[in-house]
């Protein structure tokens, strides 16, 4: 999954088939606004959140798609 900046979160630029984001229903163009309840407003926030996770861990991700909150 590749992400680019968006003012209210981080836009997903690509989702790799069969990887966790794909399995969770994420799509290109979605905007990640938080991970495990912690806001994501920049690539730095996103990387900071990812660095706290363990392989195989189940997480919650808040996502906007077409200006509607999905997850």
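Please treat every number below as a calculation from the coordinates, not as lab data. If you're wondering where the values come from, they're calculated on a predicted model, not measured in any experiment. Don't worry about glycine lacking a Cβ; one is built from the backbone with ideal geometry, like all the others, and counts go over all protein chains shown.
Given springs between every Cα pair under 10 Å in a Gaussian network model of the chain, which of 33, 52, 16 has the largest fluctuation? Greatest mean-square fluctuation among the candidates belongs to 52. In the chain, helices alone account for a calculated mean residue ellipticity at 222 nm of -4000 deg cm²/dmol, with every DSSP H run of four or more residues adding -39,500 (n - 2.57). Cβ crowding within 10 Å ranks 26, 47 as 47, 26, fewest other Cβ atoms first. Report the FRET efficiency, 1/(1 + (r/R0)^6), for residue 38 and residue 70, where r is their Cβ-Cβ distance and R0 is 25 Å, rounded to 0.05. Efficiency, from the Cβ-Cβ distance: 0.90.
Of 66, 30, the sequence from fewest to most neighbouring Cβ atoms within 10 angstrom is 66, 30.
Kirkwood hydrodynamic radius (Cα pairs, Å) of the chain? Don't jump to the answer; show the numbers that get you there.
Numbers: mean 1/r = 0.0831 Å⁻¹.
Across the chain, the inverse of the average 1/r is 12.0 Å.
The modelled label-to-label distance between residue 51 and residue 16, using points 7 Å beyond Cα along the C-beta direction, is 2.1 nm.
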